[in-house]
Amino acid sequence: MVTRQRVGQIIVVAATCMAALAADQIRKEFKYNVGPKASISINNEYGPVTVRPSGTNQIIVTAVLLSNKVEIDQEQIGDRVEVQSHLLAGASKDTARVEYQVQVPTDTSVTIHSSDGPVYAEQLRADLAVVGDSAKVDVNGVADAHVHVNTLDGPITLTNITNGHVEISSVRGDVNMNSVTGPHVIVMSTSGKIHYDGDFGVGGDYQLTSHTGDIDALVPADASVEVTARSLRGDVENDFPLEPKKHTAFLAHSGRSFIGTAGRAASSVVIRSISGKIRFKKR
Amino acid sequence: MTCSEFHEILPDMLEHEAAGRHAAHLQSCSSCSSLVADLKAISEGARLLAEADEPSPRIWANIQRTLEAEGIIRAPQQEGGILFPRRRWSIFIWAAPVLAVFVLVAGFFLRAHNAGNISQPVSLVAQPGNIADNDEQQVLAALAPAIRANYEDNLKSVDAFIQDAKDSLAQNPDDDEARHFLMQAYEQKAMVYQLAMDRSAQ
């Protein structure tokens, strides 16, 4: 009985807190008419940012402020829009939180700064840059664009990126890529793991580099690649049928490196690690 | 002549016109001719910039000494030329000015940012290692205490990467891969500095 009473008290207190919190929440919406190839910059210290296509020529920003310790500074200059969470005196990580839902024309360039995120962007056809400390970054369905993501330890997931100029850099965050192709895909993580699942496209330059993080590539049998993989101190495994290459930049050591080609060797893939383990596997 | 053979003499293309088989390759290869055109444009732009605000030769000399001490570049031992191609690592010569500019810009940024906080100006001309240590202290000091520990941990990871890459390069001075790792490690550090400066500016 005592336990039931205790649970009841907790529920009442929690409900009261949530009601108080909901009462403090402030919802704001901003709409901007923009021309082709507009741009938006969103700077949100704490809280999620989600970007989706609007299907119109409008940028629509919906912001939910969790307290009055933060306000939104926003400005439109021509086709450029800037939105920033402005922390007021006494703001903390919890009270300064703002949740952004942003809808943009698909050809709008998007820049996002968020320290803890998460950040999610999908179905864009223009450049996307995301900078975050520990923010989890998830990018899906971006085509014909530059995708640049920098985090300290935030994990990064890229899915269905086509014809992308992709540059990913994280110190300790894991990087996962599924069906990511393009002429230029450069991924660097100091100690995070790097995972690539896809066919490396046609005519691309792919470089996956780590210091201590493991690097895995899962590749279909019909991939057309020239692969160079080398770990200075980690193990290197390959079960993909590669043709050995006659001329190499360095002497391949069994178990530490391999070089070979598959198909017409349309894309160049270079995988490097100092002490991480490298696995190149057939899907 | 292959593209990779042509890349060996790429630095010479900035100062000399291609001749013989190099010229033939340049005519037949759109990729290399486009690359040479781009590099010449960059070189010309850099020259204009340099003319606009040229630091003293002493600063460049000190930066060069620091980069050499760090193992990022090596002191020239033999002048290369079209007839005597340079060694393979010459392709990394392009990265050296970029890194030098980074060191310079980072120094100026830090000096500007900390102008009101420090009594001594940031010295761009320091002993190898001191530049990084001083910069790191200042970058961390400018951050809010709540996020400082996270940046400190990440900088430790990057510093371990740099040290590991330096050791690998010291063991294998002719290994292009080891040099590449060192460049990548410094790029990571530059990224962390950039993130930290963005945060400290907020």
Filter region A:192-212 for residues that are surrounded by 22 or more Cβ atoms within 10 Å (Cβ to Cβ) and under 13 Å from residue B:185 (Cα atoms); the one that is farthest from the other protein chains (Cβ to nearest Cβ) is A:210
When every residue in region A:136-154 that is away from every other protein chain (no Cβ under 14 Å) and surrounded by fewer than 21 Cβ atoms within 10 Å (Cβ to Cβ) is compared, the one farthest from residue A:206 (Cα to Cα) is A:136
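Only one residue in A:95, A:50, A:62 is surrounded by fewer than 23 Cβ atoms within 10 Å (Cβ to Cβ) and either assigned to a loop (DSSP other than H, G, I, E, B) or within 14 Å of chain B (Cβ to nearest Cβ) (or both). Which one?
Values: A:50 fails: either assigned to a loop (DSSP other than H, G, I, E, B) or within 14 Å of chain B (Cβ to nearest Cβ) (or both); A:62 fails: either assigned to a loop (DSSP other than H, G, I, E, B) or within 14 Å of chain B (Cβ to nearest Cβ) (or both).
The match here is A:95.
Here's the yes/no breakdown for (1) more than 7 Å from chain A (Cβ to nearest Cβ); (2) assigned to a helix (DSSP H, G or I):
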position	(1), (2)
B:154	no, yes
B:164	no, yes
B:170	yes, yes
B:173	yes, no
B:179	yes, yes
B:197	yes, yes
Note on region A:193-204: residues modelled with pLDDT under 95, within 23 Å of residue B:177 (Cα to Cα) and not aromatic (Phe, Trp, Tyr) are A:203, A:204
Select from region B:161-174 the residues that are buried (at least 16 other Cβ atoms within 10 Å of the Cβ) and of a type outside the set (Lys, Arg) and write down the one among them that is nearest to residue A:188 (Cα to Cα). B:161
Would you list the strands (runs of 3 or more DSSP E) that sit entirely within region A:190-283 and hold 1 or more residues that are of a type in the set (Val, Ile, Thr) and in contact (Cβ under 8 Å) with a residue 24 or more places away in the chain? A:205-210, A:215-219, A:225-231, A:236-238, A:257-262, A:267-273, A:278-282
Show the residue pairs meeting these rules: Cβ distance below 7 Å; 6+ apart or different chains; first residue within region A:87-113 and among the small types (Gly, Ala, Ser); second residue assigned to a loop (DSSP other than H, G, I, E, B). A:90/A:69; A:91/A:69; A:96/A:45; A:96/A:46; A:96/A:69; A:109/A:126; A:109/A:127
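Taking the residues in region B:146-160 that are loosely packed, with under 13 Cβ neighbours inside 10 Å and modelled with pLDDT of 85 or more as candidates, determine which candidate is nearest to residue A:229 (Cα to Cα).
Taking region B:146-160 first, the residues loosely packed, with under 13 Cβ neighbours inside 10 Å are B:146, B:149, B:156.
Next, only the ones that are modelled with pLDDT of 85 or more stay: B:149, B:156.
On the way: B:149: 34, B:156: 26 Å.
Per the criteria, the residue is B:156.
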Which one is nearest to the chain's Cα centre (by Cα), of the residues in region A:213-228 that are surrounded by fewer than 18 Cβ atoms within 10 Å (Cβ to Cβ) and of a type in the set (A, V, I, L, M)? A:218
If residue A:177 passes every condition in (1) part of a loop (DSSP other than H, G, I, E, B); (2) within 30 Å of residue B:160 (Cα to Cα) but one, which one does it miss? (1)
Do you know which residues across region B:17-65 are assigned to a loop (DSSP other than H, G, I, E, B), loosely packed, with under 15 Cβ neighbours inside 10 Å, modelled with pLDDT of 60 or more and not aliphatic (A, V, I, L, M)? B:17
Top-ranked residue in region A:156-168 [being surrounded by fewer than 24 Cβ atoms within 10 Å (Cβ to Cβ) and away from chain B (no Cβ under 14 Å); ranked as farthest from the chain's Cα centre (by Cα)]: A:163
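The values are calculated or read from the model by the stated rules, or taken from the named source; none is laboratory data. This structure is a prediction, so every number in the text was calculated from the model and none was measured. Heads up, the Cβs are rebuilt from the backbone with ideal geometry, glycines too, and the neighbour counts pull from every protein chain shown.
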